[in-house]
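Student: The structure's right below; bear with me while I get my questions together.
The values are calculated or read from the model by the stated rules, or taken from the named source; none is laboratory data. All of these numbers come straight from a predicted model, not from anything done at the bench. Positions of Cβ are generated from backbone atoms using ideal geometry, with glycine treated the same way; all protein chains shown enter the neighbour counts.
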Amino acid sequence: MIKILDGKKVRDSLSEKLREKIAKLGKKPKLVIFQVGNDERSSTYIKQKKIFGEKIGFDVEYIQLDNTVVESELISKINQKNADESVSGIIVQMPLPESLNPVRITDAISPEKDADGLSSVNIKKFFVNDKSAIVPATAKGIISLLDFYKIKIAGKKVTVVGRSLIAGRSIANAFLNRDATVTVCHSKTKNLKEETKSADILVVAVGKAKFFKKDFVKKGQVVVDVGINKIKDKICGDVDFKNVSKVVGAISPVPGGVGPMTVISLFENMM
Ligand code: NAP
């Protein structure tokens, strides 16, 4: 029978432990979220983080800046939060307007407050498998999801489709750090179906609604869908869930799979 990798259920289960940890701190930890502009998707993600964070006992401060903000001004605001002892974590929601350099902005966050784990210092630690690294939230969330369902990772053949830093590349590295044999595919990959079908665990993060049909998968495979797409106001993943779920052994749904795991992982990164 098909196993649904239920991210909401796992998040709720892990939330209990996190809530207890926060309660023991004796003061509320604080996350600061910067948003530049008002991209609708980003606003939705920020809202989800704020609601969840406050539910588990965090203070979440949301700072929205105009699209015209200059780099030095944003960096100065980040520095104020770096220096503020009441702040445990800082996020600058991506994407940024083209006028701002995402690497310079992310690197302005002090490494110990880098909740997303995307600053150069953290990324380097993560890529050399330094255990003190803050693991980027989506990658961490996927590993936690598979661990919860006791899906073995070491020695397995994992194919990741997508190579952005925030998703595919980080996810691939997280599996490598757990001793999987990893193949990374992208838009120039030849014979994509062969690569996806040969995996024990297939993770897709391309941002194309229902792109992966049942001819991309094989019986018994574990499929993790990272994609978040919209078709006529309905959220769906990169996988054609209805048909693929008839073939594979386990699959994460969208919504309710990787999304909730990303959010909880972000807060775990600050504890
Ligand atoms: P992105 O920066 O646009 O990257 C997309 C990747 O997919 C690129 O590496 C691209 O290859 C590859 N790709 C595109 N078309 C392809 C094709 N036909 N065949 C093979 N590879 C193809 O997007 P992203 O930021 O990584 O996000 C990907 C998706 O994940 C989006 O839907 C996003 O919303 C979602 N997401 C979800 C979460 C979550 O928490 N659930 C977190 C992050 C992202 P090239 O490199 O060759 O261009």
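Student: Using beta carbons and a limit of 6 Å, which pairs, at least six apart or on different chains, have the first residue in region 144-170 and acidic (Asp, Glu) and the second one within 16 Å of the ligand (Cβ to nearest atom)?
Tutor: Short answer, once both residue conditions are applied: none.
Student: A further question on this structure: Just to be sure I understand the filter: pairs with C-beta atoms under 8 Å, separated by 6 or more residues or on different chains, first member in region 180-191 and aliphatic (A, V, I, L, M), second member assigned to a loop (DSSP other than H, G, I, E, B) and more than 6 Å from the ligand (Cβ to nearest atom). Which pairs pass?
Tutor: If the second residue must be assigned to a loop (DSSP other than H, G, I, E, B) and more than 6 Å from the ligand (Cβ to nearest atom), the pairs left are Ala180/Ile153; Ala180/Ala154; Ala180/Gly155; Ala180/Lys156.
Student: May I ask you to say which residue of Lys242, Lys246 is more than 15 Å from the ligand (Cβ to nearest atom), surrounded by fewer than 23 Cβ atoms within 10 Å (Cβ to Cβ) and in contact (Cβ under 8 Å) with a residue 24 or more places away in the chain?
Tutor: It is Lys246.
Student: Tally the residues that are small (Gly, Ala, Ser) and either at positive phi or part of a loop (DSSP other than H, G, I, E, B) (or both), restricting the search to region 240-271.
Tutor: Looking only at that region, the number is 5.
Student: Hey, can you tell me all the residues within region 115-136 that are touching a residue at least 40 places away in the same chain (Cβ under 8 Å) and assigned to a helix (DSSP H, G or I)?
Tutor: Ile123, Phe126, Phe127 - these are the residues of region 115-136 that are touching a residue at least 40 places away in the same chain (Cβ under 8 Å) and assigned to a helix (DSSP H, G or I).
Student: Something else: All but one of (1) surrounded by fewer than 24 Cβ atoms within 10 Å (Cβ to Cβ); (2) modelled with pLDDT of 95 or more hold for Pro136; state the number of the condition that does not hold.
Tutor: The number of the failed condition is (1).
Student: Looking only at strands (runs of 3 or more DSSP E) that lie completely in region 4-98, which have at least 3 residues being in contact with a strand residue (DSSP E or B) (Cβ under 8 Å, 6 or more places away or on another chain) and buried (at least 19 other Cβ atoms within 10 Å of the Cβ)?
Tutor: Result: 30-36, 89-92.
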